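Nothing in this text is a laboratory measurement; each read-out follows from the coordinates by a stated rule. Source: prediction; values computed, not measured.
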Amino acid sequence: MLNLSDNYTKKLELLETYKTLKELSNRPHYKILNKVIVASCVFGVLILFVPWTQNISGSGAVTTLKPNQRPQTIHAAIPGRIEKWYIQEGDFVKKGDTILFISEVKEDYFDPNLVANTKDQVDAKKSSLQSYDGKVGALNSQMSSLSKEKELKLLQAKNKIKQGLLKIKSDSIDLEAVHTQLKISNTQFNRSTQLYKEGLKPLTDVEEKRLKLQEVQAKIITQENKLLTAQNELLNTRMEINRLNAEYSEKISKANSDKYTALSNQYDTQAQVNKLENQYVNYSIRNGMYYIKAPQDGYINRAMQSGLGEMIKEGTPIVSIMPANYDIAVETYVNPIDLPLLKRGEKVRVWFDGWPTIVFSGWPDMSYGTFGGRVVAIENFISPNGKYRILIAPDPNEDKWPKQLSIGAGAQTLALLETVPIGFEIWRVLNGFPPNYYESKTGTDASAKK
């Protein structure tokens, strides 16, 4: 709306007529107040350009870098009865020191000579196993002897067959010779008879030829009998070969069957030996479990069982032990929105509960009592508290962390990000924006070194 009239000027002139306004305008501290206000405004504007380091805050506790260095609970591996305590709370124990002795409560293990008796059973079964080895060896020797004897018997029978064939051939030749003699005798007899009828030969000559003919006929019968006998002996020899094959096959099969029976018993005995050896080892190990020992050097924090004669079950916690040597670290939790801004190797400022500290989160150089750390592990799964767990180890390039720190002490952390003006940071916070995402040179260098 345009100010075309002089009403505004007239109103200012009317205000100057009041006495109170004149007195207020003439007071000296009013001018000082104006200067203070102007200076404050100028300072406020200038402060908006002051550098501010963005950071991610978190809270957590002191822990150890490696899992085997953290407080642990020693459990009973077997059920038993508490018989004797060798330690008390606060004692320092070395690896292998006895903490507690328990006695047996299961009736299967009451025998005090159980291990020795089991060892005797193992030795007896091993002797039985050696006996089966000897039996298998004897049967192998027997089968080898039977095979050699069979070969010799068959060779002998084959020689008999060859002899029989030669004898048959000889008898056949003799039979043919006798047949030839018969033809000659018959011819001579007929010729003598003809000559006798013609009166050229005497009767005695005819009788002589007849006698000779009858002798040759008798020889034919004898020779045929010899030939049949030789053929029969050949058949018997061939039958003997079949009998020998059947006989020795049966003997070898029986010895082979006995061998496999012995092998089966041997394998069964071997399985029993293995089972007994397993029991022997288990019993020996179980005897060692009656003495509950320290797994590493450390201090006994708390005894979770008490008294003598108390029954404990398998897996019952006995004592809590804190390792003597450990690498200290801090586990802290950050919001999910800040997780993408963190990387392994990132620098972090840490201060501990009970340790004198002055912290200016945006000006780390002005902080007092904080210690340097580096991110060594980032959990990829959200924790029950709705945040992500970050593990921080001491920075070797900065001052060492206090030796007086105890595991479980509270800790606060600041992960330093990009440096921006305060005005930008105020604007970011009022709008709910996350810190600037940037590529950390520290994280890149750490990755390059790896």
Fill in the blank from the handout: The alpha-carbon center of region 371-425 and that of region 99-122 are separated, in whole Å, by 53 Å
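Set the bar at 29 Å for Cα to Cα. Now go through LYS293/LYS347; LYS94/LYS347; LYS66/LYS95; LYS119/LYS251; LYS95/LYS387 and name every pair that lies beyond it.
Values: LYS293/LYS347 41 Å; LYS94/LYS347 36 Å; LYS66/LYS95 18 Å; LYS119/LYS251 40 Å; LYS95/LYS387 37 Å.
In this structure, LYS293/LYS347; LYS94/LYS347; LYS119/LYS251; LYS95/LYS387 exceed 29 Å between Cα atoms.
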Exercise for the section: Measure nothing but the geometry: give the 0 to 90° angle between the long axis through the Cα atoms of 28-47 and the longest principal axis through the Cα atoms of the chain, rounded to 10°. Expected result: 20 degrees
Exercise for the section: Would you give the gap between the C-alpha center of region 295-333 and the C-alpha center of region 226-241, rounded to a whole Å? Expected result: 96 Å
Completion exercise
For LYS135, counting only aspartates and glutamates whose alpha-carbon sits under 18 Å away and dropping same-chain residues fewer than eight positions off, the answer is ASP258, ASP268
Practice task
Kindly express, to the nearest 10 degrees and within the range 0 to 90, the angle between helix 114-197's C-alpha long axis and the longest C-alpha principal axis of the chain.
Solution key: 30 degrees
